[in-house]
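Taken together, the values in this text are just the output of simple stated rules run on the coordinates, not laboratory data. It should be emphasised that the depicted structure is a prediction, and the values quoted were computed from it without experimental measurement. For neighbour counting, all protein chains shown are included, and Cβ atoms are generated from backbone atoms with ideal geometry for every residue, glycine included.
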Amino acid sequence: MSARHGNGTETAHHVVVLGAGYAGMAAVVQLAARVKGRDGVRVTLVNARERFTERMRLPLTATAQETAELSVPELLEGTGAQFVRGWVTAVDADARTVRIDDDRVLGYDTLVYALGAAVDTSGVPGAEDHAYTLDGAQEAELLAGRLTRLGGGTVVVAGSGLTGVESAAEIAERHPRLKVVLLGRDEPGAAMGPKARAHLRGALDRLGVEVRAGVEVRKVLPGAVELAGGESVAADAVLWTCGTRTSPLAAAAGLTVDDRGRVVTDSALRSVSHPDVYAIGDAAAVRQGYGVMHGTCQGGMPTGVHAALSIDRVLRGRRPKPFRFGYYHTPVSLGRGNAVVQFTRPDDSPRRIFLTGRAAVRYKETVTASPWPTYGRMKKMPASGAFWPRGGRFTRIRGTK
Ligand SMILES: Cc1cc2nc3c(=O)[nH]c(=O)nc-3n(C[C@H](O)[C@H](O)[C@H](O)COP(=O)(O)OP(=O)(O)OC[C@H]3O[C@@H](n4cnc5c(N)ncnc54)[C@H](O)[C@@H]3O)c2cc1C
């Protein structure tokens with residue numbers, strides 16, 4: 001179980017987890033709980049901040065609503081895992097080292113790559129310079145400040161995906177004096193069934209959100225966005241929610257990545273080019289029978305748990321099992337008192353069943369509100385984290401068991 005590092009000293013097998021998001025936290029808590037008290041294994045978590053970023057709640061932060069202060073080092077207390085605060089600036093997958101803040105180097109035997117993804121502002125001129133994003137608490141707070149200072153005017157939310165919908169609803173509800181325009185290629189809730197989609201659209205209409213689907217933003221300017229065709233839409237603030245991009249670190253390290261920079265994994269969630277690197281969450285391209293998984297917390301947390309189980313099995317001389325995951329719901333907040341939950345098949349296509357209104361709000365708050373209770377349970381009972389829908393035939397890849 002021990003490993004030899006570059007300096008020649010015999011040390012414990014060092015598992016380093018990069019990124020304390022939904023997936024990285026699931027991996028580190030699950031692994032630390034499983035190897036606790038076992039000699040020869042140590043676990044380190046590296047993250048930019050001590051405070052856990054609840055990305056799902058950033059639309060609340062962007063409208064100056066309080067969210068819980070969740071401390072990563074506090075959660076790790078008693079697990080035996082070490083926390084290192086810092087910005088990862090490079091990974092050397094051959095030397096098996098990680099560079100932090102350009103001045104510290106950390107060696108690893110097994111790496112868990114969980115650096116997530118950020119919104120993609122690179123494809124449209126002006127988005128990087130003139131639009132707000134919900135990439136982190138600080139970015140969301142900047143938008144909150146701007147919205148509070150605006151006495152009136154127009155806020156354009158660019159991107160009609162679920163982040164755009166939740167943000168538009170939240171802004172419209174908290175700032176009734178602002179006009180909110182939601183722009184995007186697709187109808188909001190396009191992937192939902194017709195009834196759930198109609199509820200979502202009705203809620204946006206009641207909140208006064210002007211929805212413009214089937215449009216393409218070509219440019220973000222100070223004070224406006226320009227659409228394909230040349231039309232200009234005045235905007236006192238623009239929130240950009242279109243598309244995601246991943247950190248360039250994986251590609252720079254020589255790991256095999258897909259066209260979106262995500263680490264391509266095998267069925268056990270190991271990098272196909274570097275099997276001592278596991279990739280999880282939004283930073284990983286994980287293939288299931290229905291295709292490559294898209295970034296969500298519901299899928300990201302199971303990838304973290306599974307990577308931990310795989311590492312534990314390998315350390316005990318056993319073969320890791322294939323990862324299987326099937327989606328089961330799409331919960332969407334529509335302000336504080338309304339929501340819609342579309343239940344799905346494992347391939348994420350909508351079932352007939354859905355919830356709306358208060359029942360959906362309660363469901364969302366109970367089932368998906370915060371991962372903290374889940375991590376807390378996992379610390380004490382690691383097996384409690386290992387239950388998620390495996391997706392049956394939907395997730396089976398030809399040639400695998
Ligand atoms: C506004 C918004 C709302 C969302 N709502 C939902 C929802 O309702 N349901 C749902 O399932 N999904 C939702 N998502 C998607 C969900 O948040 C992501 O799928 C999830 O966060 C992915 O988890 P992760 O652990 O892979 O990455 P993240 O949670 O993004 O964590 C990555 C971590 O790595 C750290 N990091 C990144 N780069 C570095 C570096 N170089 N050095 C050090 N640390 C670094 C980050 O600071 C962060 O802590 C939403 C996303 C957004 C933006």
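Which far-off residues, 5 or more places away or on another chain, put their amide H under 5 Å from the one on residue 41, with H placed in the peptide plane?
It is 13, by chain and number.
For segment 161-219, which trypsin sites (Lys or Arg not before Pro) pass both filters: DSSP loop (anything but H, G, I, E, B) and at most 11 other C-beta atoms within 10 Å?
177
What residue among 120, 39, 276 shows peak mean-square fluctuation when the chain is described by a Gaussian network model with Cα springs under 10 Å?
Of 120, 39, 276, the most mobile in the Gaussian network model is 39.
From a point 7 Å beyond the Cα of residue 187 in the direction of its Cβ, which residues of segment 314-355 have a backbone N at a distance under 12 Å?
Within reach of a label on residue 187, which here means backbone N under 12 Å from a point 7 Å along Cα→Cβ, segment 314-355 contributes nothing.
With springs connecting C-alpha atoms under 10 Å apart, model the chain as a Gaussian network and identify which of 352, 318, 245 has the largest mean-square fluctuation.
Evaluated over the chain, the most mobile residue of the options is 318.
Starting from the Cα of residue 353, step 7 Å along the direction of its Cβ; do the same at residue 50; then give the gap between the two resulting points in nm.
It works out to 4.4 nm between the two label points.
To test your reading of the geometry: what angle, between 0 and 90 degrees and rounded to tens, separates the Cα axis of helix 137-149 from the longest principal axis of the chain?
Helix 137-149 sits at roughly 20 degrees to that axis.
Taking the Cβ of each residue in 22, 375 as the centre, tally the other Cβ atoms inside 10 Å and list the residues starting with the fewest.
375, 22
Take every DSSP beta bridge with both residues inside segment 15-141 and express the antiparallel ones as a percent of the total, to the nearest 5.
For segment 15-141, the DSSP antiparallel bridge percentage is about 45.
Quick check: convex hull of the Cα atoms in segment 31-106, volume per residue, rounded to a whole Å³?
Enclosed volume per residue, from the Cα hull, is 129 Å³.
Just the Cα atoms of the chain, one point each, no solvent: what log10 I(q)/I(0) does Debye give at q = 0.12 Å⁻¹?
So the normalised log intensities work out to -0.97.
Mind giving me the nanometre distance, one decimal, between the label points for residue 89 and residue 104, set 7 Å out from Cα along Cα→Cβ?
Going from the residue 89 label point to the residue 104 one covers 1.3 nm.
Choose one answer from 317, 304, 161: the residue with the largest mean-square fluctuation in a GNM of the chain with alpha-carbon springs under 10 Å.
317
Per-residue counts of other Cβ atoms within 10 Å, averaged by peptide: what ranking do you get for 48-60, 24-36, 382-394, highest first?
In decreasing order of mean packing, 48-60, 24-36, 382-394 become 24-36, 48-60, 382-394.
In the structure displayed, which of 321/380; 36/321; 321/379; 219/364; 179/219 lie more than 29 Å apart, Cα to Cα?
219/364
To check you understand DSSP bridge types, tell me what percent of the beta bridges within the chain (both residues inside) are antiparallel, rounded to 5.
Around 50 percent of the beta bridges assigned by DSSP in the chain are antiparallel ones.
Only Lys, Arg, Asp and Glu count, each charged at its Cβ (+1, +1, -1, -1), so figure out the dipole size of segment 170-274 about its Cα centre, rounded to 20 debye.
180 debye
Quick check: net charge around residue 135, other residues with Cβ under 11 Å of its Cβ, Lys/Arg +1 and Asp/Glu -1?
Combined, the nearby Lys, Arg, Asp and Glu give 0.
Count charges around residue 153 for me, please; just the other residues with Cβ under 14 Å from its Cβ, Lys/Arg as +1, Asp/Glu as -1.
Charge balance in the 14 Å sphere: +2.
Per-residue ellipticity at 222 nm for the chain, helices alone: DSSP H runs ≥ 4 residues times -39500 (n - 2.57), over residue total, nearest 500 deg cm²/dmol?
Result for the chain, helices only: -7500 deg cm²/dmol.
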